[in-house]
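Q: After the structure tokens below, expect a handful of questions from me.
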Amino acid sequence: MTALGAISDGAAVEEWRVSWLGRRGQFTGLLRGLSGLDPDLRREVGGRANQAKNTLEEALARRTREIAQAELEASDRLDVTLPGRPIITGRLHPTTQIVREICQAFMAMGFSVVEGPEVELDHYNFEMLNIPSGHPARDMWNSLWVDYVNEAGEQPMLLRTHTSPMQARVMEAQEPPVRVVVPGKCYRYEATDATHEWHFYQVEGLAVAEGITFADLKGTLYEFARRVFGEDRQIRFRCDYFPFVEPGVDMSISNFRDPATGKRPINRDEDWIEIMGAGMVHPKVLAGVGYDPDRYTGFAFGMGPERIGMLKYGIDDIRHFYSNDVRFLRQF
Ligand code: FA5
């Protein structure tokens, strides 16, 4: 063993192995000699000899590895037989993927993409959308207010509760025709459940020009749904109320059981999942930004990309999106 420790090249190790453990080696000879012994003594000596053999074999294996490693380090060579180290790559978050897919569907229909501030003024989040302070419709959006009070004693800033404030910002900055989508994050002070998060994304849409009708709204949204969900999902419009549109609707996507498997796209006991609110831009909103409501009309919508992702990929709880579990995130 001491001799083994002093050895430092592969050839000498092999010599050592042949001389001790080889077929004609010293140790092998010793084991053979056991057959001449008295049976009791043979068992005893045999046991010890085997232990010793194991020890020698282990020492040999260790020394062989050490020498190979030392030779490799000294030689500067690359051992191409070693397994490669896996490279862990990041990927786009499922929300990012869906938001991009939605924006692409609208870009293909001639919409451009703009973004706006997440910390918003009451003025844009509510006032310009025909929701003055004290209006009961404010209760539709439970707001997270920014802890800042101005000279007039007002608290004018909040985390935007929807992307609709961008309607007014876009129209103030340009003349019609307008055709934009606005992806972005929204915040609401509300309890979470399988279809509600306190922060989530929306994609707002706005088209204003002369002669736009409700048929344009429906046609655009049908085309969007066909592009994102394919031909076979059904769409339902119902009347809904939003102060900044007239008439207003909400749009849902079918969540019917598959007759073959009995399963629904999302495992919730509901036939329809609401994905957006929409409607014809209210004349007061147009007038507020200086557009002539007798000349221009338009439609607007605001949709939830997480809900769309849930329906598309069969995700049955919205909270998976932001719980940062890589086992979930890696699936996309
Ligand atoms: C609005 O926020 C309106 N601004 C939509 C609108 C725009 C109407 C333009 C008319 C014209 P609503 O609160 O229903 O409406 O939200 C719209 C969509 O955002 C919902 O259908 C849903 O898909 C998504 N959403 C709303 N709240 C949450 C939430 N807490 N978690 C996840 N998604 C949500």
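Q: Which residue, of 268, 264, is away from the ligand (no atom under 15 Å from the Cβ) and either part of a loop (DSSP other than H, G, I, E, B) or under 20 Å from residue 302 (Cα atoms) (or both)?
A: Values: 268 fails: away from the ligand (no atom under 15 Å from the Cβ).
Every option except 264 fails the conditions.
Q: Are any of the residues in the stretch 271-284 more than 15 Å from the ligand (Cβ to nearest atom) and in contact (Cβ under 8 Å) with a residue 12 or more places away in the chain? Talk me through it step by step, then tell me what you get.
A: Our first condition is that a residue be more than 15 Å from the ligand (Cβ to nearest atom); within the stretch 271-284, this holds for 271.
Within this subset, residues satisfying the condition of being in contact (Cβ under 8 Å) with a residue 12 or more places away in the chain are 271.
The answer is yes, given that some residue of the stretch 271-284 is more than 15 Å from the ligand (Cβ to nearest atom) and in contact (Cβ under 8 Å) with a residue 12 or more places away in the chain.
Q: Kindly indicate the residue of the stretch 288-322 that is open to solvent by 10 Å² or more (accessible area, probe 1.4 Å) and part of a strand (DSSP E or B) and also farthest from residue 102 (Cα to Cα) among those meeting that condition.
A: Per the criteria, the residue is 297.
Q: Still on this model: Going by the structure shown, is residue 226 without any contact (Cβ under 8 Å) to a residue 40 or more places away in the chain, more than 18 Å from residue 299 (Cβ to Cβ) and not small (Gly, Ala, Ser)?
A: On the way: without any contact (Cβ under 8 Å) to a residue 40 or more places away in the chain: yes; more than 18 Å from residue 299 (Cβ to Cβ): no; not small (Gly, Ala, Ser): yes.
For residue 226, the condition - without any contact (Cβ under 8 Å) to a residue 40 or more places away in the chain, more than 18 Å from residue 299 (Cβ to Cβ) and not small (Gly, Ala, Ser) - is not met.
Q: So, residue 226, is that one assigned to a helix (DSSP H, G or I), within 20 Å of residue 106 (Cα to Cα) and not aliphatic (A, V, I, L, M) or not? Before you say what the answer is, go through the steps one by one.
A: Numbers: assigned to a helix (DSSP H, G or I): yes; within 20 Å of residue 106 (Cα to Cα): yes; not aliphatic (A, V, I, L, M): yes.
Yes.
Q: What single numbered condition from (1) within 11 Å of the ligand (Cβ to nearest atom); (2) open to solvent by 50 Å² or more (accessible area, probe 1.4 Å) fails to hold for residue 172?
A: So the condition that residue 172 fails would be (1).
Q: So which of 159, 217 ends up being in contact (Cβ under 8 Å) with a residue 24 or more places away in the chain, farther than 30 Å from residue 264 by Cα and either in contact with a strand residue (DSSP E or B) (Cβ under 9 Å, 6 or more places away or on another chain) or within 13 Å of the ligand (Cβ to nearest atom) (or both)? Spell out the reasoning first.
A: Values: 217 fails: farther than 30 Å from residue 264 by Cα.
Being in contact (Cβ under 8 Å) with a residue 24 or more places away in the chain, farther than 30 Å from residue 264 by Cα and either in contact with a strand residue (DSSP E or B) (Cβ under 9 Å, 6 or more places away or on another chain) or within 13 Å of the ligand (Cβ to nearest atom) (or both) holds for just one of 159, 217, which is 159.
Q: Among the residues of the stretch 221-230, is there at least one that is more than 26 Å from the chain's Cα centre (by Cα) and within 13 Å of the ligand (Cβ to nearest atom)?
A: Checking the stretch 221-230: not a single residue is more than 26 Å from the chain's Cα centre (by Cα) and within 13 Å of the ligand (Cβ to nearest atom).
Q: Taking the condition of being open to solvent by less than 60 Å² (accessible area, probe 1.4 Å) and free of Cβ contacts under 8 Å to residues at least 60 places away in the same chain, how many residues in the stretch 112-125 meet it?
A: Qualifying residue count, the stretch 112-125: 5.
Q: Tell me which of these residue 62 doesn't satisfy, since it passes every other one: (1) at pLDDT 85 or above; (2) assigned to a loop (DSSP other than H, G, I, E, B).
A: (2)
Q: Please work out which residue is farthest from the chain's Cα centre (by Cα), limiting yourself to the stretch 110-156 and to residues that are hydroxyl-bearing (Ser, Thr, Tyr) and closer than 20 Å to residue 184 by Cα.
A: Initially, the stretch 110-156 is screened for residues hydroxyl-bearing (Ser, Thr, Tyr), giving 112, 124, 133, 143, 148.
Next, only the ones that are closer than 20 Å to residue 184 by Cα stay: 112, 124, 143.
Details: 112: 24, 124: 30, 143: 26 Å.
So the residue we want is 124.
Q: Being open to solvent by less than 80 Å² (accessible area, probe 1.4 Å), under 20 Å from residue 172 (Cβ atoms) and outside any strand (DSSP E or B) narrows it down to one of 128, 109, so name that one. Outline the logic, then answer.
A: Values: 109 fails: under 20 Å from residue 172 (Cβ atoms).
Going through 128, 109 in turn, just one is open to solvent by less than 80 Å² (accessible area, probe 1.4 Å), under 20 Å from residue 172 (Cβ atoms) and outside any strand (DSSP E or B): 128.
Q: Going through the stretch 175-212 one residue at a time, which ones are more than 8 Å from the ligand (Cβ to nearest atom), of a type in the set (Asp, Glu) and in a strand (DSSP E or B)?
A: Once the filter is applied, which keeps residues that are more than 8 Å from the ligand (Cβ to nearest atom), of a type in the set (Asp, Glu) and in a strand (DSSP E or B), the stretch 175-212 yields only 193.
Q: Suppose we filter the stretch 195-211 for residues that are open to solvent by less than 50 Å² (accessible area, probe 1.4 Å) and more than 24 Å from residue 114 (Cβ to Cβ); how many remain?
A: The initial filter retains those residues of the stretch 195-211 that are open to solvent by less than 50 Å² (accessible area, probe 1.4 Å), namely 195, 197, 199-200, 202-209.
Checking which are more than 24 Å from residue 114 (Cβ to Cβ) leaves us with 195.
Residues in the stretch 195-211 being open to solvent by less than 50 Å² (accessible area, probe 1.4 Å) and more than 24 Å from residue 114 (Cβ to Cβ): 1 in total.
Q: Quick check on my filter: what residues within the stretch 245-261 are part of a loop (DSSP other than H, G, I, E, B), of a type in the set (S, T, N, Q) and either within 28 Å of residue 279 (Cβ to Cβ) or open to solvent by less than 10 Å² (accessible area, probe 1.4 Å) (or both)? Working first, answer last.
A: If we filter the stretch 245-261 for residues that are part of a loop (DSSP other than H, G, I, E, B), which is where we start, we get 255-261.
Still in the running and of a type in the set (S, T, N, Q): 255, 261.
Passing the criteria: only 255.
Q: Has the stretch 234-242 got any residue that is away from the ligand (no atom under 14 Å from the Cβ) and either open to solvent by 60 Å² or more (accessible area, probe 1.4 Å) or outside any loop (DSSP other than H, G, I, E, B) (or both)? Reasoning before the result, please.
A: From the stretch 234-242, those away from the ligand (no atom under 14 Å from the Cβ) are 234; that's our starting set.
After this cut, where a residue has to be either open to solvent by 60 Å² or more (accessible area, probe 1.4 Å) or outside any loop (DSSP other than H, G, I, E, B) (or both) as well, the list is 234.
Scanning the stretch 234-242, I find at least one residue that is away from the ligand (no atom under 14 Å from the Cβ) and either open to solvent by 60 Å² or more (accessible area, probe 1.4 Å) or outside any loop (DSSP other than H, G, I, E, B) (or both), so the answer is yes.
Q: Kindly provide the set of residues from the stretch 78-103 that are surrounded by 13 or more Cβ atoms within 10 Å (Cβ to Cβ) and either part of a loop (DSSP other than H, G, I, E, B) or not aliphatic (A, V, I, L, M) (or both), ordered by number. Steps first, please.
A: Filtering the stretch 78-103 down to residues surrounded by 13 or more Cβ atoms within 10 Å (Cβ to Cβ) leaves 93-103.
Matches in the stretch 78-103: 93, 94, 95, 96, 97, 100, 101, 103.
Q: For residue 214, indicate whether it is out of contact with any Ser or Thr (no Cβ under 7 Å at 6 or more places or on another chain) and open to solvent by 60 Å² or more (accessible area, probe 1.4 Å). Give the derivation first.
A: Values: out of contact with any Ser or Thr (no Cβ under 7 Å at 6 or more places or on another chain): yes; open to solvent by 60 Å² or more (accessible area, probe 1.4 Å): yes.
The answer is yes for residue 214.
Q: Are any residues in the stretch 60-117 under 28 Å from residue 19 (Cβ atoms) and polar (S, T, N, Q), and if so, which ones?
A: 64, 69, 75
The values are calculated or read from the model by the stated rules, or taken from the named source; none is laboratory data. Every value quoted in this text rests on a predicted model; they were computed, and no experiment measured them. Neighbour counts run over all protein chains shown; Cβ positions are idealised from the backbone, glycine included. In case anyone asks, the SASA skips ligands and DNA or RNA and just uses the protein heavy atoms, side chains included. Shrake-Rupley method; radii C 1.70, N 1.55, O 1.52, S 1.80 Å.
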